[in-house]
Amino acid sequence: MRIKEDLINKEVLDGGADLIGKVIDVVMDKDTFEVTDLVIKKTGIADQIKAGGENVVPSELVKVIGDKILLKSDDDI
């Protein structure tokens, strides 16, 4: 799997299936090469409601990765 190519620019949805942004980078563990965090650039409503910019989301909050990335919750974003 090409992690960067497969994850960068994927849309990210919160637990309520609302679009919150797109993945702009990933953080990987240098020893295990596992993705530990996703860096998300907020877009649309999420950018207007909450402070805009980038958020680092731990991989533990990711529920599903498919055509879009679905998070378990939106409490920490």
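Per-residue answers, yes or no, for (1) surrounded by fewer than 16 Cβ atoms within 10 Å (Cβ to Cβ); (2) modelled with pLDDT of 90 or more:
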{"residue": "Asp18", "(1), (2)": "yes, no"}
{"residue": "Lys22", "(1), (2)": "no, yes"}
{"residue": "Thr43", "(1), (2)": "yes, no"}
{"residue": "Gln48", "(1), (2)": "yes, no"}
{"residue": "Ser59", "(1), (2)": "yes, yes"}
{"residue": "Val62", "(1), (2)": "no, yes"}
{"residue": "Lys68", "(1), (2)": "yes, yes"}
> When the range 7-16 is examined, which residues are found to be free of Cβ contacts under 8 Å to residues at least 24 places away in the same chain and loosely packed, with under 13 Cβ neighbours inside 10 Å?
Replying inline: Asn9
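The values are calculated or read from the model by the stated rules, or taken from the named source; none is laboratory data. Since this is a predicted model, take the numbers as computed values, not measurements. No Cβ is skipped: glycine too gets one built from the backbone with ideal geometry, and neighbour counts run over all protein chains shown.
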